[in-house]
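> Questions regarding the structure given below will be posed in turn.
The values are calculated or read from the model by the stated rules, or taken from the named source; none is laboratory data. Predicted model, so just to flag it, every value in this text is computed and none were measured. Cβ placement follows ideal geometry from the backbone for every residue including glycine, while neighbour counts extend to all protein chains displayed. The area values use the complete protein model at the heavy-atom level, side chains included, leaving out ligands, DNA and RNA. Shrake-Rupley method; radii C 1.70, N 1.55, O 1.52, S 1.80 Å.
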Amino acid sequence: MRDDVDAGEDVTPLGPDGAVAAGVEAIGLSKRYGHHAALEPLDLSVGVGELVMLVGPNGSGKTTLLRMASGLLEPTDGEVRIDGFPAGSLAARAALAYLPDNPVLYDDLSLVEHLEFIGRLHGVSGEELEERGAALMDRFHLADRAHDLPATFSRGLRQKTSLALGLIRPFSVLVVDEPFVGLDQPGKLALLELLADAHEQGATVVVATHSLEFADVAERCVGLRDGELAYDGEATPAQVERLVS
Amino acid sequence: MGQAASRRDDGIDPDPLVGAAGGPAGVAGAPASTVVHDLGRARRRNRAAGVDVFEGFYQAYLTAFGCAIAVLLGSDAIGDQRATADQVARVVAHGPAVVGLGVAVVLAVALRSGSRGGPLVLPAADVRHVLLAPVPRRDALRGPAVHQVRFSAFVGLVVGAGVAVVAARRLPGGVPEWAAVGGGVGAVVGATAAGVGLVGCGRRVRPWIASALAAALVGWAVADVVTGRVTSPMTLVGQLALMPLRFHPPSLAVLLLSVTAVVAGVLGVGGLSIEQAERRATLASQIRFALTLQDLRTVVLLRRQLTQEQSRPRPWVRLGALAGGRTVVWRRDLRGVARWPGVRLARVLLLAVVAGGCLVAAWAGTTPLLLVAALALFLAGLEALEPMAQDIDHPDLPSSLPVVRGELRLGHAWVPLGTMVVVALIGWGTAILVAAAGVFPVNLAVTVGAAMVVPAALLATVGAATSVVMEPSAGGNGFLPAEIAGVKVVLRAVWAPALVLLGLTPLLVARSSHQHGVAAGPAAVSGSIFPLMVGVLGLGWLRFREDVHEYFRATTAPAKGAATGDA
């Protein structure tokens, strides 16, 4: 495992063996909880720089897949690779930004302190950290709450904070789980802009969402049902609607 | 997609999300350990800034006041009968192995906890932000691991010193000497347990392997107890603990093992499973919240989730199909017991043995151990009351049945009562075994124990049922002075265990009679009459609780209406 990978390099990432790697690759990936299969063995490859929409009804395995990609869950079998590196490895953690559906914040750190420490943990510091933090707070209209503790935040504000924290650091793979839940319309628009920006700048983006608006933006749609791959093709609102129903 | 690049019309340049710096702390930025350290320091600073100094002093004053009262009352309650020379000789011969067995149980629990990701409980935000950052996990986790070792050592120190002070009242040697040795050995055991747990989680020891190792440790210690030989390191710890009676220099070698376990645990903690860390973080925060509400039932449920304890898909014993009629509730409850997982059976068995052992020690003069016996029976009662607790958890279900709620609740009490009778019988058997080892006459254990089985089981059931049925504290003390609100909170917490303690008082009556030359058996029987009456009243309370509440509501409503000018 390469511990010193620079995930932000604007070049096609190479895996440890020097071959061109997919942004996200699931190989025989499965997850079981006792007798219940949350995800049946899945093979899926998301190309570098692709913008993919992940859809499926509740309990279809979307969150399980994304959490295994982030390294938060361990596969029962198979593996996930991020830019060619095993999910959860130091290099994969440097490459992947994970925006979860449930914001988890420190109750005793202000928003600006969250941005500072999480940025520093990802190797961003100094002026760059300040600039990125200010830009994100501006985009999500968080600037006037910069020094407040999250305990005073509404669900939507917490979600915006969580998104800002996920984006404060550079990444080459962005994995997002139900990002629009709890956001107001300006927040949704800001997030759509950010996702599109990330894609334009070459990042691999995978978004699990039921939002039909996103079908217009996504290049590809992957549908899951009962933990199995149900669809892999063009993202159209009609197709998305069929997959989530 | 094309909209993305041109949609910024607010004059702010789109920031490069991809590219530029990136990479792990320690590669591109400050060393990882510095960032993690700074993060912790900032959190502590913010927490300290939010603390009201006077409120803090007041809480410290109340705590110190409460502790002082507890120490004064406790000192009086502890028997001061000095052990005879024969008893001291027996403690010297068998004590180390018995203490070693206790140490083995602690290490076994730590090992099993380690296989499930314990003993570390990280804040959920640390799991999400620090452990998912490109920071070497061994660096990020070293601080919390050291903190855990320190905390476990401190808990061990306090418990060890407390037990040693009790021992000092009966055994030769001064209190300071016993307290110092007990505290020191307790700290060593606490730190070692944390180290063993950290090794288990860092090395990702599989639960079945951890269980096998835990059983081997306990078995080894039991072998030392039975054979009277010193073969296990745990017995060496026992020798250290009894140093004021006899010093065995070779037993100091066990400290090396302790240091090894702690060092290996702290250095290897980076291998912990992030999935388990996240699960523990979430459940532990919920348990803390439930504890603040004194919601024991929720604590029990969350603890089961934390230990991944689930009912058996296949029951130990197959019972026939559920028929209607009055026995349907009993049969449902029996099915629940028949599906108890092996771990729960073992835990209840252990609690029964602990209760029996503590009652023997209380008979022999160490009265405070009656409290430990009551606590053990209370915990066993909470396990036995599971079916009733499930009805309380899901109130819609009993409400939808054409049965009076009180009758249903009372119906749920019989199988737990039967279970607790079995638990009490096991405790009684333990007492007889200990008596047979020559500690005191067997006939005393038989007669006094026989008189205690039913009141102990009944009051344990009623006490646990009281705790299960009582709703969690919903606050409402805001208008009371702090001292009264505090007393109310304490009473609420101790009420249910106090009922269980009442069921053990026949032992005190019998002991007192025995000391005055009166037959202990009949005295125990007469001493059990009052607890039995209270137990029956408790069952009545379970049946008529709603009716009594309704009566008081109806009685006080006119007065309240008048007070608010609602006439």
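> Would you call residue A:138 at the interface with chain B (Cβ under 10 Å from one of its Cβ atoms), in contact (Cβ under 8 Å) with a residue 40 or more places away in the chain, among the charged types (D, E, K, R) and open to solvent by 50 Å² or more (accessible area, probe 1.4 Å)?
Details: at the interface with chain B (Cβ under 10 Å from one of its Cβ atoms): yes; in contact (Cβ under 8 Å) with a residue 40 or more places away in the chain: no; among the charged types (D, E, K, R): yes; open to solvent by 50 Å² or more (accessible area, probe 1.4 Å): yes.
No, not satisfied.
> Could you check the stretch A:72-106 and list, in sequence order, the residues that are facing chain B (nearest Cβ under 8 Å) and acidic (Asp, Glu)?
A:74
> Taking the residues in the stretch B:400-443 that are open to solvent by less than 70 Å² (accessible area, probe 1.4 Å) and of a type in the set (Ser, Thr, Tyr) as candidates, determine which candidate is farthest from residue B:468 (Cα to Cα).
B:430
> Could you list, in sequence order, all residues of the stretch A:219-237 that are open to solvent by 80 Å² or more (accessible area, probe 1.4 Å) and touching a residue at least 40 places away in the same chain (Cβ under 8 Å)? Before the answer, list the steps.
As a first pass, look at the stretch A:219-237 and keep what is open to solvent by 80 Å² or more (accessible area, probe 1.4 Å): A:219, A:225-226, A:228, A:234.
Passing the criteria: A:219, A:225, A:226, A:228.
> Quick one: how many residues across the stretch B:166-190 are of a type in the set (A, V, I, L, M), in contact (Cβ under 8 Å) with a residue 24 or more places away in the chain and open to solvent by 30 Å² or more (accessible area, probe 1.4 Å)?
Result for the stretch B:166-190: 2.
> When you scan the stretch A:1-74 for strands (runs of 3 or more DSSP E) that lie fully inside it, which ones turn up with 3 or more residues that are acidic (Asp, Glu), on the phi > 0 side of the Ramachandran plot and at pLDDT below 95?
Because the criterion is at least 3 residues that are acidic (Asp, Glu), on the phi > 0 side of the Ramachandran plot and at pLDDT below 95, no strands (runs of 3 or more DSSP E) in the stretch A:1-74 meet it.
> Take residue A:205 and tell me if it is within 13 Å of the chain's Cα centre (by Cα), within 14 Å of chain B (Cβ to nearest Cβ) and of a type in the set (Val, Ile, Thr).
Details: within 13 Å of the chain's Cα centre (by Cα): yes; within 14 Å of chain B (Cβ to nearest Cβ): yes; of a type in the set (Val, Ile, Thr): yes.
For residue A:205, the condition - within 13 Å of the chain's Cα centre (by Cα), within 14 Å of chain B (Cβ to nearest Cβ) and of a type in the set (Val, Ile, Thr) - is met.
> In addition: Which residues, taken from the stretch A:169-185, are modelled with pLDDT of 90 or more and surrounded by fewer than 24 Cβ atoms within 10 Å (Cβ to Cβ)?
A:177
> Within the stretch B:304-315, is there a residue that is in contact (Cβ under 8 Å) with a residue 12 or more places away in the chain, more than 30 Å from residue B:185 (Cα to Cα), in contact with a helix residue (DSSP H, G or I) (Cβ under 9 Å, 6 or more places away or on another chain) and in a helix (DSSP H, G or I)?
Checking the stretch B:304-315: at least one residue is in contact (Cβ under 8 Å) with a residue 12 or more places away in the chain, more than 30 Å from residue B:185 (Cα to Cα), in contact with a helix residue (DSSP H, G or I) (Cβ under 9 Å, 6 or more places away or on another chain) and in a helix (DSSP H, G or I).
> Against the condition open to solvent by less than 10 Å² (accessible area, probe 1.4 Å), within 14 Å of chain A (Cβ to nearest Cβ) and assigned to a helix (DSSP H, G or I), how does residue B:133 come out, does it pass? Outline the logic, then answer.
Working: open to solvent by less than 10 Å² (accessible area, probe 1.4 Å): yes; within 14 Å of chain A (Cβ to nearest Cβ): yes; assigned to a helix (DSSP H, G or I): no.
Taking the combined requirement at face value, the residue does not satisfy it.
> Of all the residues that make up the stretch A:192-216, how many are in contact with a strand residue (DSSP E or B) (Cβ under 8 Å, 6 or more places away or on another chain), part of a loop (DSSP other than H, G, I, E, B) and modelled with pLDDT under 85?
Going through the stretch A:192-216 one residue at a time, the tally reaches 1.
> Moving to a separate point now. If residue A:99 passes every condition in (1) touching a Phe, Trp or Tyr at 6+ places or on another chain (Cβ under 9 Å); (2) open to solvent by less than 20 Å² (accessible area, probe 1.4 Å) but one, which one does it miss?
For residue A:99, the exception is condition (1).
> Checking residue A:215 against (1) open to solvent by less than 30 Å² (accessible area, probe 1.4 Å); (2) away from chain B (no Cβ under 11 Å); (3) out of contact with any Pro (no Cβ under 6 Å at 6 or more places or on another chain), only one condition comes out false. Which one?
The number of the failed condition is (3).
> Okay, next question. Restricting attention to the stretch B:507-528, report how many residues are part of a helix (DSSP H, G or I) and touching a Pro at 6+ places or on another chain (Cβ under 6 Å).
Adding up the residues that qualify gives 2.
> Quick test for you: out of A:61, A:34, A:123, A:56, pick the one residue that is over 21 Å from residue A:244 (Cβ atoms) and open to solvent by less than 40 Å² (accessible area, probe 1.4 Å).
Values: A:61 fails: over 21 Å from residue A:244 (Cβ atoms); A:34 fails: open to solvent by less than 40 Å² (accessible area, probe 1.4 Å); A:56 fails: over 21 Å from residue A:244 (Cβ atoms).
It is A:123.
> Can you run down the residue pairs with Cβ atoms below 6 Å, 6 or more apart or on separate chains, where the first is in the stretch B:106-134 and within 30 Å of residue B:221 (Cα to Cα) and the partner is assigned to a loop (DSSP other than H, G, I, E, B)?
Going by the 6 Å Cβ cut-off, the qualifying pairs are B:113/B:119; B:115/B:205; B:117/B:273.
> Working only within the stretch B:263-272, note down all residues that are surrounded by 18 or more Cβ atoms within 10 Å (Cβ to Cβ) and over 30 Å from residue B:100 (Cβ atoms).
Answer for the stretch B:263-272, where residues must be surrounded by 18 or more Cβ atoms within 10 Å (Cβ to Cβ) and over 30 Å from residue B:100 (Cβ atoms): there is none.
> Output the number of residues of the stretch B:220-262 satisfying the condition of being assigned to a helix (DSSP H, G or I) and open to solvent by less than 70 Å² (accessible area, probe 1.4 Å).
Summing the residues that are assigned to a helix (DSSP H, G or I) and open to solvent by less than 70 Å² (accessible area, probe 1.4 Å) in the stretch B:220-262 gives 21.
> Looking for whichever is of a type in the set (Gly, Ala, Ser) and either open to solvent by 10 Å² or more (accessible area, probe 1.4 Å) or within 14 Å of chain A (Cβ to nearest Cβ) (or both) here; the options are B:104, B:145, B:140. Which one fits?
Step by step, each of B:104, B:145, B:140 is checked, and only B:140 is of a type in the set (Gly, Ala, Ser) and either open to solvent by 10 Å² or more (accessible area, probe 1.4 Å) or within 14 Å of chain A (Cβ to nearest Cβ) (or both).
> Return yes when residue B:288 is within 23 Å of the chain's Cα centre (by Cα), within 30 Å of residue B:132 (Cα to Cα) and surrounded by fewer than 13 Cβ atoms within 10 Å (Cβ to Cβ) and no when it is not.
Yes: the conditions hold for residue B:288.
> Here is a list: A:173, A:124. Which entry is among the hydrophobic types (A, V, I, L, M, F, W, C), within 16 Å of residue B:38 (Cα to Cα) and in contact (Cβ under 8 Å) with a residue 24 or more places away in the chain?
A:124
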